[in-house]
Structure formats: C-alpha cells, structure tokens
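J.: My questions will all concern the structure given below.
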Amino acid sequence: FHGIISREQADEILAGVEGAYILRESQRQPGCYTLALRFGNQTLNYRLFYDGKHFVGEKRFESIHDLVTDGLITLYIETKASEYISKMTTNPIYEHIGYATLLREKVSRRLSRTKNESRKASVTSEENTPVEKISSLVRRAALTQNDNHFNYEKAHNFKVHTFRGPHWCEYCANFMWGLIAQGVRCSDCGLNVHKQCSKYVPNDCQPDLKRIKRVYCCDLTTLVKAHNSQRPMVVDSCIREIEARGLKSEGLYRVSGFTEHIEDVKMAFDRDGDKADISANMYPDINIIAGALKLYFRDLPIPVITYDTYSKFIDAAKISNPDERLEAIHEVLMLLPAAHYETLRYLMIHLKKVTLHEKENFMNAENLGIVFGPTLMRPPEDSTLATLNDMRYQKLIVQILIENEDVLF
C-alpha cells in the first residue's frame with residue numbers, strides 16, 4: 001500500500017515489471033482505493049472494494065494476492081486467446097457428432113446393462129481403452145432417451161462455482177480457467193459450464209434426485225423431472241387418498257386438519273418421497289391429507305398459476321362477456337409451463353369430482369374457488385393491497401376452471 005499517489009506515480013513504480021502490483025488511495029476520491037497492475041507493458045487501474053473479501057468484479061477473494069493471480073490468468077487468457085474464446089460457443093459438444101454421439105451410445109448401453117443394479121460401471125471404448133469422464137450433459141441425454149417419458153422443458157439453475165483442480169466446460173469442452181469461480185454449475189443436474197457458455201445451453205435440465213433435498217418448497221418442474229413423473233407425486237398421492245375415502249367428507253378442503261399432523265405428512269413426503277404412508281391407518285382424518293395438499297401448493301416457490309401469467313389471468317377474469325372470458329382464460333392457460341399445466345388440469349378434474357358430491361360435502365365450485373384461489377395463484381409483488389383487490393378474481397378463475405375443466409383443458 002503506497003498511500004495517496006497519482007496514476008503517474010504508480011506507473012513509475014511499476015514500470016518494466018510485468019505482473020507487479022501496488023495499492024493506492026485515490027487522489028480524486030480520498031477513501032477509495034485502487035489496484036494498479038502491470039500487464040502487457042501498461043499499468044491497469046481497477047477500483048478495489050472490500051466487504052469482508054476483496055473484489056474488483058463479481059469474484060471475491062480472501063487476499064489481494066489471490067485476486068491479482070486470478071486477474072493475471074484471466075488477462076493472459078483473454079489477450080492470447082480472444083479469437084478462440086469468441087468461437088467457443090459456436091461449436092458446442094452437443095453438436096459434435098464424434099464426441100457426443102459416441103459417448104451417448106456408450107452410456108445408453110451401460111444404462112440398459114445396469115438398469116436394475118446399483119453398482120458403478122466403468123465405460124470403455126470399442127478397443128477397451130478408458131474413455132474420459134462422461135459429462136453429465138451426455139449422461140442426461142441418454143437418460144432422456146431411455147427413461148424420461150415426460151420430457152418437460154426446464155431451464156438450468158446455474159450458480160457461480162469454484163472448482164477444485166482443473167475442470168472443463170461441458171458445453172464447449174474447453175478449459176475453465178482461474179483460481180476461483182471459474183464457471184457455473186447447475187444445482188439441479190450438476191452441469192458445469194463457462195459463465196459465457198451458460199447463455200447458450202438449451203433448457204434441457206434433467207435434475208438428479210441426489211441433488212433434490214426435499215419435496216415441499218421445490219420448484220414444480222424440477223420435482224417432476226427428478227422423479228420422472230407426469231405430476232408431483234404429492235398431488236397424485238393426496239388426490240388418490242382423498243378420492244378413495246374423502247369425497248363425501250363435509251367441508252372437504254374448507255375444514256382444517258391439525259397443523260402438527262399436516263407438518264408430519266409434509267416431513268414424510270420430504271423424507272420418503274412417493275413411499276410416504278398417508279393411509280387411513282396413519283391419518284384417519286382426511287382433512288389432514290387435504291391440508292397437506294393445499295400446503296404443497298402454498299409452499300411452491302413459483303405457484304401453479306405462475307407469476308408470469310398472473311396478471312393475464314386477472315385481466316381475463318375481469319372480462320364481462322362469459323364466452324370471451326372463457327376464451328381469454330383458455331389462451332392464458334396455453335402460456336403455462338407444461339408441468340404446471342398438467343398439474344392444474346389434474347387438480348381441476350379432481351375438484352370437479354368433489355363438486356359432484358356437493359350434497360354430502362357442501363363444497364361447490366364457488367366454495368372451492370374461495371379455498372384454492374389464493375393457494376394456486378399469488379401476485380408477483382408481495383403486496384397485501386394487490387392480494388386483497390384480486391381475491392374475488394382469484395376465486396372466479398378457479399371457479400371457472402372447475403366448472404369448465406372439460407372445455408378448457
């Protein structure tokens with residue numbers, strides 16, 4: 001640290017020493033600090049920040065020395081290989097027939113051999129020579145072809161990641177450089193790519209069950225793809241149980257079950273998945289199962305009727321002409337993600353069955369709309385006023401969906 005000195009003085013101190021650096025306090029803005037770094041026969045100046053760690057851009061470092069080391073690596077790569085870097089995303093390994101197709105075929109064969117086994121299998125080439133570690137991308141492609149019958153589109157959930165040891169991008173097959181935060185990793189499927197490559201990766205995430213820690217509070221599409229199911233298993237299990245023994249229960253979905261028991265059901269699904277026991281032996285009160293189903297919908301990070309379509313549904317509900325309103329609702333339904341659409345369709349078929357037993361359960365489409373309106377749709381902004389203003393339209397939307405499920409879906 002050299003105190004308050006000018007850029008010219010910093011340049012004199014660093015002259016002729018590639019990779020050397022000093023810290024200085026800005027003359028123009030006292031209290032602000034600058035990293036002066038010598039690279040490419042010139043002195044580069046970067047505004048330096050500290051929030052417990054040192055940073056110039058988005059990467060944060062324990063020490064200035066690590067920050068400089070990472071910066072020199074990046075500067076060198078970008079200077080010496082800028083043309084190569086710009087071409088990295090133009091020929092990804094997805095489309096590299098000699099690489100992806102070969103490995104996909106090998107993984108497919110391995111999956112068919114070990115479908116009922118839980119052992120690790122090594123994959124070898126035709127000449128029995130080891131093939132390099134298979135990327136999760138190729139593994140996903142093989143799984144999609146063989147096992148995934150519900151091929152919903154899903155974007156990757158990329159987060160900045162620090163890799164230990166050398167790592168290669170699974171999109172462009174090029175080296176991921178730097179000391180820390182060399183790239184991004186999908187927290188749902190484990191795909192590792194450069195940050196710039198992540199913009200080009202298709203929405204083909206195939207979540208790995210090992211990475212999905214819970215059932216409740218998990219993104220709906222992520223859950224169904226991880227479990228290779230058409231709908232969330234919570235929805236299927238609860239509806240199956242309710243239709244088997246609860247359709248004539250008075251106040252179904254309106255009467256609350258004990259909160260502690262509902263939490264028990266939630267933990268059972270989180271712990272045991274589709275093997276969770278929600279039978280009458282475990283939970284005689286059907287309102288507990290109904291409560292667990294409603295809780296699942298409330299806990300979704302993105303509601304069944306998504307934030308993106310919320311305002312469109314509300315606008316459709318405000319149309320006075322019944323035929324035009326129905327047509328508008330149908331158009332918005334087509335905008336829902338496939339897994340959300342299928343889940344909503346299945347739920348509406350179930351709720352229509354509930355209304356057929358109105359004489360016993362006293363639950364018509366309007367009553368169910370009051371219960372499920374705020375459960376299935378929430379405004380994007382967390383505004384109490386907006387929620388209160390929209391409640392009657394939320395109720396109306398669900399009521400219309402139930403009454404016209406055979407037409408709308």
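J.: From the square roots a ≥ b ≥ c of the eigenvalues of the alpha-carbon gyration tensor of region 165-205, which class results: rounded (a/c under 1.5), prolate (a/b over b/c), or oblate?
T.: Since a/c reaches 1.5 and a/b is larger than b/c, the shape of region 165-205 is classed as prolate.
J.: HN-Hα J couplings of region 59-66 from phi, Karplus 6.51/-1.76/1.60, θ = phi - 60°, integer Hz, Gly and Pro as x?
T.: 6, 10, 10, 5, 9, 4, 4, 5
J.: Same structure, new question: Quick one: 3J(HN,Hα) in Hz for region 241-255, Karplus 6.51/-1.76/1.60 with θ = phi - 60°, rounded, Gly and Pro as x.
T.: Here the 3J(HN,Hα) series is 5, 5, 6, 6, 9, x, 4, 9, 6, 4, x, 3, 6, 8, 7 Hz.
J.: Aspartates and glutamates near LYS352 by alpha-carbon distance under 13 Å, same-chain residues fewer than 8 away left out - which ones?
T.: Cα-Cα hits under 13 Å: GLU243, GLU366, GLU403, GLU405, ASP406.
J.: Determine the share of the chain's accessible area contributed by carbon and sulfur atoms, expressed in whole percent, with a 1.4 angstrom probe.
T.: In the chain, the share of accessible area belonging to carbon and sulfur is 50 percent.
J.: So for the chain, taking the charge dipole from beta-carbon charges (+1 Lys/Arg, -1 Asp/Glu), which of TYR307, VAL407, THR221 sits furthest toward the positive end?
T.: Going by the Cα projections, it comes out as THR221.
J.: At a probe size of 1.4 Å, how large is the accessible area of ARG298, to the nearest 10 Å²?
T.: Near enough 110 Å² of accessible area.
J.: Distance between the C-alpha centers of region 154-211 and region 388-409? Whole Å please.
T.: Rounded to whole Å, the Cα centres lie 40 Å apart.
J.: Per-residue HN-Hα couplings for region 14-29, Karplus 6.51 cos²θ - 1.76 cosθ + 1.60 at θ = phi - 60°, whole Hz, x for Gly and Pro?
T.: 8, 3, x, 10, 4, x, 6, 8, 9, 10, 9, 8, 5, 6, 6, 10
J.: Given the rule -39500 (n - 2.57) for each run of at least 4 DSSP H residues, summed and divided by the residues of the chain, what is its mean residue ellipticity at 222 nm, to the nearest 500 deg cm²/dmol?
T.: -14000 deg cm²/dmol
J.: Right, something else. Largest first, how would LEU388, LEU247 line up by accessible area (1.4 Å probe)?
T.: Descending order: LEU388, LEU247.
J.: What pairs in LYS312/LYS395; LYS87/LYS159; LYS248/LYS275; LYS87/LYS199; LYS154/LYS318; LYS318/LYS353 have C-alpha atoms more than 21 Å from each other? Walk me through the intermediate numbers first.
T.: Working: LYS312/LYS395 15 Å; LYS87/LYS159 23 Å; LYS248/LYS275 26 Å; LYS87/LYS199 14 Å; LYS154/LYS318 31 Å; LYS318/LYS353 27 Å.
Beyond 21 Å: LYS87/LYS159; LYS248/LYS275; LYS154/LYS318; LYS318/LYS353.
J.: So, one more: Pull up all non-local amide H partners of LEU48: gap of 5 or more, or a different chain, and H-to-H distance under 5 Å with H placed in the peptide plane.
T.: Amide H to amide H, under 5 Å and 5 or more residues apart or across chains, LEU48 pairs with TYR33, THR34, LEU35.
J.: How charged is the neighbourhood of SER237? Take every other residue with its Cβ under 15 Å from the Cβ of SER237, and add Lys/Arg as +1 and Asp/Glu as -1.
T.: Taking every Cβ under 15 Å from that of SER237, the sum is -1.
J.: Something else: Go through region 194-259 and name the chymotrypsin sites (Phe, Trp or Tyr not before Pro) that are in a DSSP coil and have 15 or fewer other Cβ atoms within 10 Å of their Cβ.
T.: Here the sparse-neighbourhood loop sites are TYR200, PHE258.
J.: Please work out the Cα center distance from region 1-76 to region 308-338, rounded to the nearest Å.
T.: Value for the Cα centre distance between the two parts: 55 Å.
J.: While we're looking at this one, here's another question. Which of the three applies to region 7-87, rounded, prolate or oblate, going by the alpha-carbon gyration tensor with a ≥ b ≥ c and a/c under 1.5 meaning rounded?
T.: oblate
J.: OK, next. Can you match percent of Cα pairs over 25 Å apart to one of these, [x] 64; [y] 80; [z] 69, based on a calculation from the structure here?
T.: Given [x] 64; [y] 80; [z] 69, the calculated one carries the label [z].
J.: Let me check I've understood the local charge: for GLN27, count other residues with C-beta under 11 angstrom from its C-beta, Lys and Arg +1, Asp and Glu -1. What total comes out?
T.: Net local charge, GLN27 excluded: +1.
J.: At most 12 other Cβ atoms within 10 Å plus a DSSP loop assignment makes a site exposed; report the longest stretch of the chain without any exposed GluC sites (Glu not before Pro).
T.: 251-380
J.: Quick check for you: with a 1.4 Å probe and neighbouring chains kept, what is the accessible area per residue of the chain, in Å²?
T.: About 53 Å² of surface per residue is accessible.
The values are calculated or read from the model by the stated rules, or taken from the named source; none is laboratory data. Just so it is clear, the model here is predicted, and its values are computed rather than measured. Cβ atoms come from the backbone with ideal geometry, glycine included; neighbour counts cover every protein chain shown. These accessible areas exclude ligands, DNA and RNA; they are computed on the full protein's heavy atoms, side chains included. Shrake-Rupley method; radii C 1.70, N 1.55, O 1.52, S 1.80 Å.
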